[in-house]
There are 2 protein chains.
Amino acid sequence: MPITAYRRLADRFRRWSALREAAYVLQWDMEVMMPTGGAVARSEQNAALDLASHEILAAPETGDLLVAAEADRNGLDDWQGANLAEMRRLQVHATALDADLVAALSKASSACTDAWHRTKASGRFADLRPVFAEVVQLNRLAAQAKAEKLGCLPFEALMDQWEPGARMVEIDRLFDDYAAFAPGFIAEASAYQARQAPPVAAAGPFDRGRQKALGERIMADLGFDFRHGRLDTSLHPFSTETPADVRITTGYQDDDFLLTSLPGILHETGHALYEQNLPPDWRLQPVGRSRGMSLHESQSLLIENQLYRHPAFCRYLSPLANRTFPGHEAAFTPANIHRLLTRINPSPRRFEADEVTYPLHIILRYRLERALIDGQLAVADLPSAWNDGVKDLLGVEVRHDGEGCLQDIHWYTVYWGYFPCYAMGAMIAAQLFDAASRALPDLEQAIAGGDFSGLRSWLTRHIHSQGASRPMAEIIRAASGEALNPAYFRQHLQRQYLDA
Amino acid sequence: MPITAYRRLADRFRRWSALREAAYVLQWDMEVMMPTGGAVARSEQNAALDLASHEILAAPETGDLLVAAEADRNGLDDWQGANLAEMRRLQVHATALDADLVAALSKASSACTDAWHRTKASGRFADLRPVFAEVVQLNRLAAQAKAEKLGCLPFEALMDQWEPGARMVEIDRLFDDYAAFAPGFIAEASAYQARQAPPVAAAGPFDRGRQKALGERIMADLGFDFRHGRLDTSLHPFSTETPADVRITTGYQDDDFLLTSLPGILHETGHALYEQNLPPDWRLQPVGRSRGMSLHESQSLLIENQLYRHPAFCRYLSPLANRTFPGHEAAFTPANIHRLLTRINPSPRRFEADEVTYPLHIILRYRLERALIDGQLAVADLPSAWNDGVKDLLGVEVRHDGEGCLQDIHWYTVYWGYFPCYAMGAMIAAQLFDAASRALPDLEQAIAGGDFSGLRSWLTRHIHSQGASRPMAEIIRAASGEALNPAYFRQHLQRQYLDA
């Protein structure tokens, strides 16, 4: 009875997905609404939710149903088959580790996260080295256990949690290409910018309520559906994976919006458009979710970098900015906005990076985390390897671990293998925007006029509505006509930074 | 190994409580934050959470552990023993009904709630009578099944879900007393008010932001801990049972705050003070929760009616109101505020009721729901029985079912046996405030000066910190020196409405 087994699995994963959505709403609430004294109780609520959803995946019945459904998958159509494969992938991740390892990982990660929060200010990596070494060792074991079940290399098994099917040989191909290109390009573009007069600064104060209203206006123009989402405020921008009710946030500063609140809003709107336009017939099923975090980042970066920093978008934005904040006409010309949004500024800190240097931060992290998991880099050597890498790739000095290997929380909690998605997303975004531009000949004119419906429809048809029905590589090839090609990102940067 | 079984139960109920808290946060979000398009997804999230927490209570292991722990409860101290008894009560409610009845109830209740939402506007009870008749019949069966397990009468078993150990003989004693007293009192007090000049109306508009700031000032004075809670806006005021992070809400109108936003805030602050001051050592355990909804309502009504409408509180409020909204000095004298807050106005609608007529609305509902469950009232006869009861108890006419038996959602969803708690709470509040006044001789002066710390401490010591460690009757006797006595509520009304 394969259909019966499949239907019962669909019920189970529907419950699992609903619990994950509940967890997302609680996370949003924690960042946006929760009073400080609620933190301990919230972590208990999260733990109870995590356990309840884990139990659905890990229950022996789930394994039995998977075996039964897989035994006659010929009875399933393509989407059902893809759904079943995603169910299996989620179940493998949930059950690959024995209970002792899960408990040890959870305990060590918690302790390490706490230590990181205490240490990042003082900036001394040595203070958390022992507890971090344990986290690395346990993640090595986890990577090996998962790799055996998934049939891939250990570090790939960690990436697979975020980017299903990720392969290092492919990532190396793309990242090595960029690492070879970037240093020369940064020097060339920096020299080019140094020859120009600096852009006119837009000096605030800019009322935060008006910043928000401007952001909501642009979100609406982009096709964000406010019946199924909200914009709120938090320290760092983020969005939730809850298609029927996508919460996005940004942060505000009084003296700027072009480089702070707006790119945050645009980036998260890109994520939100993906979520809001996932296939409605597959809501709460694994195949109805996004196809991994690289493609998700491609959607946010397409809106933030390909669209927002496009000269045509600056023509759309200029009159809106002038109407919202009169008296800054010199700063808010289309050309000046474009120059403000495309300044190169190499820094040791990822959070400050521009779109040119950003992938180098990611490439460094990817190389180091892979080496830590493979045992080719000792934990004690991480700070010096980090600092050497920053000098080598970005040409700047790291003054202390707080702006070096302690700056990101990822490894000190559970986000091993996540970093590559950020840079993959930037490359995919460039290729997709190029494909959309070819498919939509009037795109520039439409953008300048604030009509984003063609672009949004193209993205929905080729990306959003595909859900997780096919591997990412297939989705990209079908959308753009070729495999992921790093040349598109290079060409994008050359146009943006060299008028090439 | 009774301690081992008890400890394992404590772990299970800790998870159960954390999931219930998560559900409360989602409910708050739904009323306060959620965009309209999120409704369907939210109901799926709620259903998944309900099922996950139900499974913890209903698991065979939970039953086995309860038997093992109960077998040697002598090894437990008083609070542990009370905790174990509460665990058993929760488990009985979760397991008393067979799966078919649970499914039928859930389906019929959902259909009936939908039908009510469609019907309440048109106001024709006959339109939902068939589906409501099924709900009544299924609740009869549920009441009988639970009564057998709990050793009580069927309707008492429904009340037990909200008010553990509730007994109809006790409720009849209190309600019959009030039903005999009220009609004569209402006539007397109405005549008394008719002889006075009407109070000076406070005519707005009153800025909503200032209304909120005034409410937050009063909340802070009352001891509400904003590190562990928030005030927000919703259509109807409510509060959450989440002690470390209590969310309360109120609604605002432009033309008034004394009779709308403020009593909502004060009422919910009473609930919040109970939650925020529950015994911290028993967080997330059943014995660490409130001792039932009658006592919970007593805490909200003590703040809303005993305190807020007290002449001494009006002396405290008068200068605050004048500072917040200058230009209304004649309306905001202490005496005029008190007269505004104590107007009698019999109406067929519970939501509009004053504190004198409110218990009569409850008494009517209690008598009718009990008769429906006991089979003494046919569903078809509900509208006429309702209308006769309103005429008899309140002396007013019901013009259509929308302001009659369709006005409250309770029976059309799952809140059978809940109504009595509202009126019980009013009576308990009067008795507790009287006891606090005797224990704190300077209470009136402190209230007039805005110092509520003595009252708050008294309530925390005698009520809040007791959690669910003892039956409500014992808590009331220990706090006030006697069993629940309806005379205190009568005396309170005579003082407030007759200057007696």
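What value does the protein assembly as shown have for Rg/Rh, both radii from Cα atoms and Rh as Kirkwood defines it? Present the calculation step by step, with values, prior to reporting the outcome.
Numbers: Rg = 32.1 Å, Rh = 32.0 Å.
Over the Cα atoms of the protein assembly as shown, Rg/Rh equals 1.00.
Using θ = phi - 60° and the Karplus form 6.51 cos²θ - 1.76 cosθ + 1.60, what ³J(HN,Hα) does each residue of the stretch A:413-427 get, whole Hz, x for Gly and Pro?
10, 10, 8, 6, x, 7, 3, x, 4, 4, 6, 4, x, 5, 6
As an exercise, identify the GluC sites (Glu not before Pro) in the stretch A:321-397 lying in DSSP coil whose Cβ has no more than 15 other Cβ atoms within 10 Å.
Numbers: sites: A:E329, A:E352, A:E355, A:E369, A:E397; in loops: A:E329, A:E355, A:E397.
In loop regions of the stretch A:321-397 (DSSP not H, G, I, E or B), the sparsely surrounded GluC sites (Glu not before Pro) are A:E329, A:E397.
Compute the Kirkwood hydrodynamic radius of the stretch B:132-229, taking the inverse of the mean of 1/r over all pairs of distinct Cα atoms, and give it in Å to one decimal.
Working: mean 1/r = 0.0523 Å⁻¹.
For the stretch B:132-229, inverting the mean 1/r across all distinct Cα pairs yields 19.1 Å.
Evaluate the Debye formula for the stretch A:258-399 with equal point scatterers sitting on the alpha carbons, no solvent, and hand back log10 of I(q)/I(0) at q = 0.17, 0.21 Å⁻¹, in q order, two decimals.
-1.01, -1.18
Would you be so kind as to identify which of A:Q466, A:Y366, A:G395 lies farthest towards the positive end of the dipole of the stretch A:99-500, taking Lys and Arg as +1 and Asp and Glu as -1 on Cβ and the Cα centre as origin?
A:Q466
Hand me the trypsin sites (Lys or Arg not before Pro) from the stretch B:93-163 located in a DSSP loop with no more than 16 other Cβ atoms within 10 Å, in residue order please.
On the way: sites: B:K107, B:R118, B:K120, B:R124, B:R140, B:K146, B:K149; in loops: B:R124.
In loop regions of the stretch B:93-163 (DSSP not H, G, I, E or B), the sparsely surrounded trypsin sites (Lys or Arg not before Pro) are B:R124.
How big is D for chain B, in µm² s⁻¹ as a whole number, if Stokes-Einstein is applied with the Kirkwood radius of its Cα pairs at 4 °C and 1.567 mPa s? Don't skip to the answer; put the middle values down first.
Working: Rh = 23.9 Å.
Rounded to a whole number, D works out at 54 µm²/s.
What lysines sit close enough to A:K107 to cross-link, taking a C-alpha to C-alpha distance under 26 Å and skipping anything fewer than 8 places away on the same chain?
Excluding near neighbours in sequence, the set is A:K120, A:K146, A:K149.
Residue by residue through the stretch A:302-309, what is 3J(HN,Hα) from phi via Karplus (6.51 cos²θ - 1.76 cosθ + 1.60, θ = phi - 60°)? Round to whole Hz and write x for glycine and proline.
Couplings: 4, 6, 6, 9, 5, 8, 4, 8 Hz.
For B:R230, what residues show an amide H to amide H distance below 5 Å, using hydrogens built from the backbone and excluding near sequence neighbours?
B:V246, B:R247, B:I248
Compute from the Cα atoms of the stretch A:1-95 the Rg and the Dmax, the latter being the longest Cα-Cα distance, and quote both in angstrom.
When restricted to the Cα atoms of the stretch A:1-95, Rg and Dmax are 16.3, 53 Å.
So what's the angle, to the nearest 10 degrees on a 0 to 90 scale, between helix B:453-462 and the longest Cα principal axis of chain B?
Roughly 30 degrees between the two axes.
Angle check, please: helix B:382-394 long axis (alpha carbons) against the longest principal axis of chain B (alpha carbons), in degrees 0 to 90, nearest 10.
The angle comes out near 40 degrees.
Only Cα pairs under 8 Å and at least 6 apart count here; give the relative contact order of chain B as a rounded whole percent. Walk me through the numbers on the way to the answer.
Values: 705 pairs, mean separation 96.3, N = 500.
Here the relative contact order equals 19 percent.
If you place +1 on the Cβ of every Lys and Arg, -1 on the Cβ of every Asp and Glu, and leave all else neutral, what size is the dipole of the stretch B:200-306 about its Cα centre, to the nearest 20 Debye?
Details: 10 positive and 15 negative charges, 51 e Å.
That gives the stretch B:200-306 a dipole magnitude of about 240 debye.
Return the chain A residue and its Cβ-to-axis distance, rounded to the nearest Å, for the rotation relating A to B.
Here the nearest residue and distance are A:A52, 2.
With the Cα gyration tensor of the stretch B:403-443 in hand, convert its eigenvalues to equivalent ellipsoid semi-axes via √(5λ) and list them largest first in whole Å. Mind showing how you got there, number by number?
Working: eigenvalues 239, 19, 8 Å².
Equivalent ellipsoid of the stretch B:403-443: 35, 10, 6 Å, largest first.
What translational D, rounded to a whole number of µm²/s, comes out for the stretch B:330-436 from Stokes-Einstein when the hydrodynamic radius is the Kirkwood one over Cα pairs, at 4 °C and 1.567 mPa s? Please list the in-between numbers first.
Numbers: Rh = 15.4 Å.
Value of D from the Cα-based Kirkwood radius: 84 µm²/s.
Rounding to the nearest 10 and keeping the result within 0 to 90°, find how far the Cα-based axis of helix B:358-374 lies from the longest principal axis of chain B.
20 degrees
Mind putting together the pair-distance distribution for the stretch B:416-500? All Cα pairs, 10 Å bins, whole percent per bin, short to long.
Each 10 Å bin holds this share of Cα pairs: 16, 44, 34, 6, 0.
At most 15 other Cβ atoms within 10 Å and a DSSP loop assignment: could you name the trypsin sites (Lys or Arg not before Pro) in the stretch A:354-461 that fit?
A:R399
Using all alpha carbons of the stretch B:187-244, what is the percent of pairwise distances in each 5 Å bin, ordered from the shortest bin to the longest?
4, 12, 15, 17, 12, 9, 14, 11, 5, 1
Ranked by Cβ crowding within 10 angstrom, fewest neighbours first, how are A:D11, A:D160 ordered? Could the numbers behind the result be given before it?
Numbers: A:D11 10, A:D160 22.
Ascending Cβ contact count within 10 Å gives the list A:D11, A:D160.
So what are the ³J(HN,Hα) numbers for the stretch A:402-407, from phi and the Karplus equation (6.51, -1.76, 1.60; θ = phi - 60°), rounded to whole Hz, Gly and Pro as x?
x, 9, x, 6, 9, 6
Can you put A:W458, A:W411 in order of Cβ neighbours within 10 angstrom, beginning with the fewest?
Least to most surrounded, the residues fall as A:W458, A:W411.
Return the long-range amide H neighbours of A:D256 (sequence gap of 5 or more, or a different chain), with a cut-off of under 5 Å between placed amide H atoms.
A:F206
If the cut-off is a Cα-Cα distance under 24 Å, which lysines reach B:K212, setting aside same-chain residues fewer than 8 apart in sequence?
Those lysines meeting the cut-off are A:K212.
Hull surface divided by four, with the convex hull built on the Cα atoms of the stretch B:359-500: how many nm²?
Details: hull surface 45.3 nm².
Projected over every direction and averaged, the Cα hull of the stretch B:359-500 covers 11.3 nm².
Throughout, read-outs are computed from the coordinates displayed, never taken from laboratory work. None of the values given here were measured: they were computed from a predicted structure. Note that each Cβ is placed from the backbone with ideal geometry, even for glycine, and that neighbours are counted across all protein chains shown.
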